[in-house]
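Enquirer: Would you mind keeping the following structure in view while I ask a few things?
Each reported figure results from applying straightforward, stated rules to the coordinates on display, with no laboratory input. Keep in mind the model is a prediction, meaning the values are calculated, not measured. Here Cβ is always computed from backbone atoms with ideal geometry, including for glycine, and neighbour counts include all displayed protein chains.
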Amino acid sequence: MIHRLNQPDYDRWASQIKRTGGCLQPIHLRGKAEHYDQATGHLLHRYSTTQEPNGVLRVPCKTRRASRCPACAEVYRADTYQLVRAGLVGGKGVPETVSSHPCLFITLTAPSFGAVHVRREKNGKVLPCHARRDAQPCPHGIIRSCTERHSADDPRLGEPLCPDCYDYDGSVLFNAISPELWRRFTLALRRRFAKLNGLTVKALREHVSIAFAKVAEYQRRGVVHFHAVIRLDGPDGPHSPPPAWATADALTQAVQHAAAAVTAEVKPLSRTFRWGTQLDVRPITMNGDLTEQAVAAYIAKYATKAAECVGTLDRRIQPLDNLDALPIREHARHLIAACMRLGEHSGLAELRLTHWAHMLGFRGHFSTKSRHYSTTLGELRAAREEHMRAQEITTGRLPLFDEDAVLVVAHWAYAGQGLSAGEQLLAVAITGRRTPHLGGPDDR
Ligand SMILES: [Zn+2]
Ligand SMILES: [Zn+2]
Ligand SMILES: [Zn+2]
């Protein structure tokens, strides 16, 4: 820290850090950019990293994972919020009329793979975990009942009542197959919605398009479930209204049917998976129980969380890792072991379970949306970079050019990543951001 502070170019370093928004693992780039006048070939401006501290430019890592970089994850969370919200009320290129389109917020859950300790509340009261009168012991001698009212931070939450009875293989296979199950759900939903309105899927497309935005969330027991916004549009997406017969009620019926009907198979093991029976479907309204802000905030929050909330690792398992020695929850260890074991099975190669063992088998994208839902993260980023560029111009780093008349020749090379421990502390001081290990209530 003192070394960095005493550098003659400390001010320039600090301003680089400020521009990365407090990223704790910035990418270091070495290189140059040259701006030429296209008509005359004159060099108008040259930027090179040779003048920068350590000869590199530091740019944000842009991770979405809060456990790796809180600053970049916060940018991702805010962008996701804007993206989901634009799909509900308009903005960012989506017309405001979209708010009158029928729209649902649904949660698709995973089935049970064995009883786990849970915390359930009813009317503000915590209920007993698994109260069973006359509960019989399992083959391993464990009584299949738990009458405790678990506190919210009880480490046993999500842990099986009997680990020996728990279906770890089923749990990781479900995670691995869930993206396919989701895909089939969307197809079945379209089919059913068409049928309810007496149309073929092809004919439906001429009147209605169905837009999705979804996010995967890990439950404490280590399986993913999906939260999704489903919206009805006219044939041209958010810019066209759906016909009057395309109602939220009909969409709800189609969702319920599709969620119960679809299956996905893991053929080599003769296992068939379907969604859990707990399906939550609620209409999103501007002033009702479930507002567009609440939905956008909810989805955005989960977009920056990965499996680490289950107590697993936030990096890949390496071949030389000793699974028994890793600092992870026992339940996560069993799930990772199941991935590693099933990953050896040649018939399951396409599930890439070894590769995704640290994610407990899930290899899908955390947040995805259909093409018509709203704007894209890329467009939001481009808008922000444009803003940064405008700042550069006013602070004198880049001369103001006519975009179309200037040719930019740039060459960049990766030159490393990260900050030293001392630099991290300085970055926190400069930007007012927390470090991951200092944590906060949201990091649980
Ligand atoms: Zn970062
Ligand atoms: Zn319990
Ligand atoms: Zn048992």
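Enquirer: In straight Cα distance, which lysines are under 24 Å from Lys62, not counting same-chain residues fewer than 8 positions off?
Expert: Excluding near neighbours in sequence, the set is Lys18, Lys32, Lys92, Lys214, Lys301, Lys305, Lys369.
Enquirer: Multiplying the sequence separation of Asp236 and Arg352 by 0.36 nm and subtracting their Cα-Cα distance, what value in nm do you get?
Expert: The Asp236-Arg352 span can extend by a further 38.0 nm.
Enquirer: Turning to a different aspect of this structure: Once you order the gyration tensor axes a ≥ b ≥ c over the Cα atoms, which shape class does the range 90-240 get: rounded for a/c under 1.5, otherwise prolate or oblate by comparing a/b with b/c?
Expert: Prolate, since a/c reaches 1.5 and a/b exceeds b/c.
Enquirer: In addition: Over 23 Å apart: what share of the alpha carbon pairs of the range 176-298 falls there, rounded to a whole percent?
Expert: 37 percent
Enquirer: Using Cα pairs closer than 8 Å and at least 6 residues apart in sequence, work out the relative contact order for the chain, in percent.
Expert: Values: 786 pairs, mean separation 113.9, N = 444.
Taking the mean separation of contacting Cα pairs over the length of the chain, I get 26 percent.
Enquirer: Still on this structure, please answer the following. Beyond 14 Å, what share of the Cα-Cα pairs of the range 44-103 is found? Please give it as a whole percent.
Expert: Summing the P(r) tail past 14 Å for the range 44-103 gives 69 percent.
Enquirer: Sum -39500 (n - 2.57) across every DSSP H segment of at least 4 residues in the chain, then divide by the residue count to get the 222 nm mean residue ellipticity, nearest 500. Intermediate results must be reported in sequence, preceding the final value.
Expert: On the way: 10 runs with 138 residues, N = 444.
Computed ellipticity for the chain at 222 nm equals -10000 deg cm²/dmol.
Enquirer: Sticking with this structure for a sec: Do any chymotrypsin sites (Phe, Trp or Tyr not before Pro) in the range 109-175 lie in a loop, going by DSSP, with at most 13 other beta-carbon atoms within 10 Å of their beta carbon, and if so which?
Expert: Of the chymotrypsin sites (Phe, Trp or Tyr not before Pro), not one in the loops of the range 109-175 has a Cβ with at most 13 other Cβ atoms within 10 Å.
Enquirer: Ok, one more. Which residues make up the longest stretch of the chain clear of GluC sites (Glu not before Pro) that lie in a DSSP loop with no more than 16 other Cβ atoms within 10 Å, not counting the sites?
Expert: 1-147
Enquirer: Using the Kyte-Doolittle scale, find the helices of the chain whose mean hydropathy is at least -0.5 and whose Cα atoms extend 27 Å or more along the helix's long axis, counting only whole DSSP H runs.
Expert: The answer, listed by residue number, is 70-89, 168-196.
Enquirer: Label the range 139-193 by shape, choosing from rounded, prolate and oblate, from the square roots a ≥ b ≥ c of the eigenvalues of the Cα gyration tensor; if a/c is under 1.5 it is rounded, and otherwise prolate applies when a/b is larger than b/c, oblate when it is not.
Expert: Numbers: a/c = 3.05, a/b = 2.14, b/c = 1.43.
In terms of gyration-tensor shape, prolate.
Enquirer: Right, here's the next one. Which loop-located chymotrypsin sites (Phe, Trp or Tyr not before Pro) does the range 225-309 contain, where loop means any DSSP state but H, G, I, E or B and the Cβ has at most 14 other Cβ atoms within 10 Å?
Expert: On the way: sites: Phe226, Trp245, Phe273, Trp275, Tyr298, Tyr302; in loops: Trp245, Trp275.
Answer in residue order: Trp245.
Enquirer: Take every Cα pair under 8 Å in the range 114-213 that's 6+ residues apart, average their separations, divide by the length, and report that relative contact order as a whole percent.
Expert: Normalised by residue count, the contact order of the range 114-213 is 22 percent.
Enquirer: Further question on the same structure: If you take the C-alpha gyration tensor of the chain, multiply each eigenvalue by 5 and take the square root, what semi-axes do you get, largest first, in whole Å?
Expert: On the way: eigenvalues 367, 207, 84 Å².
They are 43, 32, 20 Å, listed from largest to smallest.
Enquirer: Per q in 0.15, 0.19, 0.22, 0.31 1/Å, what log10 I(q)/I(0) does a Debye calculation on the alpha-carbon atoms of the range 111-155 return?
Expert: Once normalised to I(0) and log-transformed, intensities are -0.44, -0.67, -0.84, -1.14.
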